[in-house]
Amino acid sequence: MQSRSRILEDVSQLVTNAMGVAQGAKEEAETAMKGWVDRWLADRDFVTREEFDAVRAMAQKAREENAALKARIEALEAAAKAG
């Protein structure tokens, strides 16, 4: 009976070790894939969401400033024609 228990312990240990190796291989594969995807995206000159949002905010601010300047110019031209 003792040898049977020892065999079960050995099998259990073997399965536990195999699961640890499989987990390590999974993590290594995920890391490698993430690195590959990051490099692929960097090679394509894609922008991050943060960069896109920052440029969009700058463009919106520029449009607002242009509208304000246009209104000011129109007011100055109207005043020049009236005066």
Open item on the list: For segment 67-75, check the following and say yes or no: at least one residue is surrounded by 10 or more Cβ atoms within 10 Å (Cβ to Cβ), β-branched (Val, Ile, Thr) and assigned to a helix (DSSP H, G or I).
Closed with: yes
Open item on the list: So for segment 43-50 (the condition being at negative phi, surrounded by 10 or more Cβ atoms within 10 Å (Cβ to Cβ) and part of a helix (DSSP H, G or I)), does at least one residue qualify?
Closed with: no
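Since every read-out is calculated from the coordinates, none of them should be taken as a lab result. Note that the structure is predicted; figures quoted are calculated from it, not measured. Note that we place each Cβ from the backbone using ideal geometry, even for glycine, and neighbour counts take in every protein chain shown.
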